[in-house]
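Q: Can you keep this structure in mind? I'll have questions shortly.
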Amino acid sequence: MSVFIIRRLMQAMLVVLVMSFLVFAGVYVVGDPTQILVADDADQAERARVIAELGLDQPFHMQYLQFLGGALSGNLGESFRFNEPALQLILERLPATLELAFVALAIAVFFGIPLGTWAGLRPESPVAKTIMTGSILGFSLPTFWVGIMMILLFAVILGWLPSTGRSDEITYVLGFPTTLFSLDGWAHILLPAVNLALFKLSLVIRLSRAGAREVVHQDYIKFARAKGLSESRVILVHVMKNILIPVVTVLGLEFGGLVAFSVVTETVFAWPGIGKLLIESISFLDRPVIVAYLMIIVLIFVFLNLVVDIAYSILDPRVRLQDMKS
Amino acid sequence: MVSDTEPTLEVRNLRTHFFTKAGVVKAVDDVSFAVRPGKVMGLVGESGSGKTVTGFSILGLVDAPGRVVGGEIRYKGENIATATDDRMRRLRGREIAMIFQDPMMTLNPVLRVDTQMVEAIRAHHSVSHKEAWQQSRDALGRVGIPSPEERLRAYPHQFSGGMRQRVAIAIAMLNRPDLIVADEPTTALDVTIQGQILYEVQKLCEETGTALIWITHDLSVVAGLADEICVMYAGRVVEHGTVDEVLDQPAHPYTRGLIGSVPSRNRRGQPLTQIPGMTPSLLNLEPGCPFKTRCPDADAVCEAEPAITHPAAGRDVRCHHPVTAGAPLEVTA
């Protein structure tokens, strides 16, 4: 097992290195930030001074090597706009995004798995068909539009929930700032979390349904019934554990997606997370922040992949065996 | 063979039909037989003759769109064809157990063997986990699995096919059922393992007085194991009798064909007798004898459905032209 983890870690480091190059090169070609950063009426000497100060007069490979050197000591550059370390800017806003992504994931799991399993066990029933139609809507309706409609309905027309922003009632749990311990916090997070969850919820429903339909016809399910087990044990233990394997795999990877693509939801609901920071940084061509953001996302994905591999080996004993051989 | 003991299971005129979009499939159509304690009934037939569906009907495990539409399944006198789901759940695994055909598919791949055994005990008896675990360990030992204590903690994929089938048999015998339905349990195994398992099942049934229904397409297996044989064709029992009667003096042309197609050392070098044609589709079966299109003796009479006749006491044949006792089997050398 430990050999397996070390091997995965080394692969992960290689992925991060390659990604850092792609990200840096990608942002390099996007545009010239000096046009936005330097005042229009500055003279040539002033312009050259700013460019040299930001290190933009260096050739590409020197800039990249400097970035790598800084990154190794935990310095991902300073924001052009705020003159603060880019990493600090992101880490300040990361808890808000993680909180949002976590609640969205919880919604997707706690509603998706039961609904999908139910639909898979009784595929012909009208309720199952309604669930599946709903999941198609969840897949195909654009997130920003659903978000706006939710604000219109629940905040403007019904006035039940606040339309935008995050609650100020922050509690620190193990050093992690969260608003989930206050009613106001939940009132603020509910709409954006549901909005962010819709796509994943549909995905979980479809996965669980496909899993349930496949598993329920297996001989071992019939054999479990032939043993005289109660229906609830057959479904909750024998069927569920087999369904969970693909669901855990996909969800682990999708959690990275939730964090990375919360951009749209955060923009619609003015949620003060890293997605909103990214959009602002792109419009100012604030290179260090964009690069730092993308590197953080890469790290999250790589880390989640590792976690999924380990969780998978716990759920499915056959994977564990292969790992031991490798 | 007439026995005085009360049958453990008596199936009377069982009909199990599948209501598919293409039409009604009469998978089991008027099947009757009985098994007595400690006896083995061999249910023989080709693929698709309704053997397995008969087995599932007994356990109440026929999946939709199929259901039992007629007849009685009397278990110790109680008609379980009409029993409630809860009653059937209590019977399954405790009094009526089943062993499946493919041991690679019978055990849940993500649950440890001890989980799957302990739950089978605790579904019927309120015993502690520890006690159920010890019973499971002893049961594994009885079916010849070495170091059962260690093997209990393993997952199914760590067992070979033969070992898995032993585990399945051990699970079926856990609660000492009075009836076991074994659906071709040795088909997927190689012959040496097959022999061991046959021996063990026979021994266990004799010791505990368990009645056994052994479903198979392999006549040589039932020849050594069963007391009585039911030959099934197209969802019906076409011939029934003791194993010696049926194998030595087959009365139905289909049974004769089956026996003729078994390879034998005495007929080395000669081509095997074949039954011409294929098993008919059970969907919209033509009226009359279902075997008429493949039967060497078929004539105009066979356009009518044959009734069951009794050439001797305890023998049933569903044929207009049964071969009379003593007639030589044309395939014997």
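Q: Give me the three principal axis extents of the protein assembly as shown from the C-alpha atoms, as integers in angstrom, largest value leading.
A: Result, largest extent first: 121, 56, 52 Å.
Q: If you don't mind, there's one more thing I want to ask. Set the Förster distance to 60 Å, then compute FRET efficiency between residue B:24 and residue A:4 from the Cβ-Cβ distance, nearest 0.05.
A: FRET efficiency, residue B:24 to residue A:4: 0.65.
Q: Still on this structure, I have one more. I need the peptides A:35-44, A:236-245, B:309-318, A:63-72 ranked by packing, meaning the mean over residues of other C-beta atoms within 10 angstrom, with the highest value on top.
A: Details: A:35-44: 10.6, A:236-245: 20.0, B:309-318: 16.5, A:63-72: 14.7.
The most tightly packed comes first, giving A:236-245, B:309-318, A:63-72, A:35-44.
Q: On to the next question. Relative contact order of chain B, please, whole-number percent, based on alpha carbon pairs below 8 angstrom and at least 6 residues apart.
A: Relative contact order, chain B: 21 percent.
Q: Would you mind calculating the gained length between residue A:47 and residue A:66 on full extension (0.36 nm times residue separation, minus the Cα-Cα distance), in nm to one decimal?
A: Numbers: separation 19, 0.36 × 19 = 6.84 nm, distance 2.18 nm.
Extra length available between residue A:47 and residue A:66 comes to 4.7 nm.
Q: Label-point separation (nm) for residue A:231 and residue B:266, each offset 7 Å from Cα along Cα-to-Cβ?
A: Placing both labels 7 Å beyond Cα along the Cβ direction yields 5.4 nm.
Q: Further question on the same structure: Averaging over all projection directions, find the projected area of the Cα convex hull of chain A and quote it in nm² with one decimal place.
A: Averaged projected hull area, Cα only: 22.1 nm².
Q: Something else: At a Cα cut-off below 13 Å, give the aspartates and glutamates reachable from residue B:130, other chains included and same-chain residues fewer than 8 away excluded.
A: Hits, sequence-local ones excluded: B:114, B:119, B:138, B:149.
Q: Provide the percentage of antiparallel DSSP beta bridges, counting only those with both residues in the protein assembly as shown; round to the nearest 5. If you can, show how the numbers build up before the last one.
A: Working: 35 of 54 bridges.
Around 65 percent of the beta bridges assigned by DSSP in the protein assembly as shown are antiparallel ones.
Q: Continuing with this model, one more query. Taking the 0 to 90 degree range and rounding to the nearest ten, how far is the long axis of helix A:126-140 tilted relative to the main principal axis of chain A, both from C-alpha atoms?
A: Here the helix axis deviates by roughly 10 degrees.
Q: Then there is this: What angle, in degrees between 0 and 90 and rounded to the nearest 10, separates the Cα long axis of helix A:183-215 from the longest principal axis of the Cα atoms of chain A?
A: 50 degrees
Q: Do you know the relative contact order of region A:6-119, to the nearest whole percent, from alpha carbon pairs under 8 angstrom that are 6+ apart?
A: 13 percent
Q: Relative contact order of region B:117-276, please, whole-number percent, based on alpha carbon pairs below 8 angstrom and at least 6 residues apart.
A: Answer for region B:117-276 is 13 percent.
Q: Placing +1 at every Lys and Arg Cβ and -1 at every Asp and Glu Cβ, with all other atoms neutral, what dipole size does the protein assembly as shown have around its Cα centre, in debye to the nearest 20?
A: Here the protein assembly as shown has a charge dipole of around 1040 debye.
Q: Would you list, by chain and number, the lysines whose Cα falls below 18 Å from the Cα of residue A:200, excluding same-chain residues fewer than 8 positions away?
A: Partners within reach: none.
Q: Turning to a different aspect of this structure: Against the longest principal axis of chain B, how steep is helix B:113-122, in degrees 0 to 90 to the nearest 10, with axes from Cα atoms?
A: 90 degrees
Q: Give me the Å³ per residue figure for the convex hull around the C-alpha atoms of region A:72-193. Don't skip to the end; give the middle numbers.
A: Details: hull volume 23.0 nm³, N = 122.
Value for region A:72-193: 188 Å³ per residue.
Q: Shifting gears a bit: From the residues B:129, B:237, B:143, which one has its Cα farthest along the dipole of chain B in the positive direction, the dipole being from +1 and -1 charges on Cβ of Lys/Arg and Asp/Glu about the Cα centre?
A: So the residue furthest toward the plus end is B:129.
Q: May I pose another question? Distance between Cα centroids, region A:100-166 to region B:257-292: provide it in whole Å.
A: With region A:100-166 and region B:257-292 each reduced to a Cα centre, they are spaced 59 Å.
Q: About its Cα centre, what dipole magnitude does chain A give when the only charges are +1 on Lys and Arg Cβ and -1 on Asp and Glu Cβ, stated in debye to the nearest 20?
A: Here the size comes out at about 2080 debye.
Q: Label-point separation (nm) for residue A:82 and residue B:78, each offset 7 Å from Cα along Cα-to-Cβ?
A: 7.2 nm
Throughout, read-outs are computed from the coordinates displayed, never taken from laboratory work. A quick note: this is a predicted structure, and the numbers were derived from the prediction, not measured. No Cβ is skipped: glycine too gets one built from the backbone with ideal geometry, and neighbour counts run over all protein chains shown.
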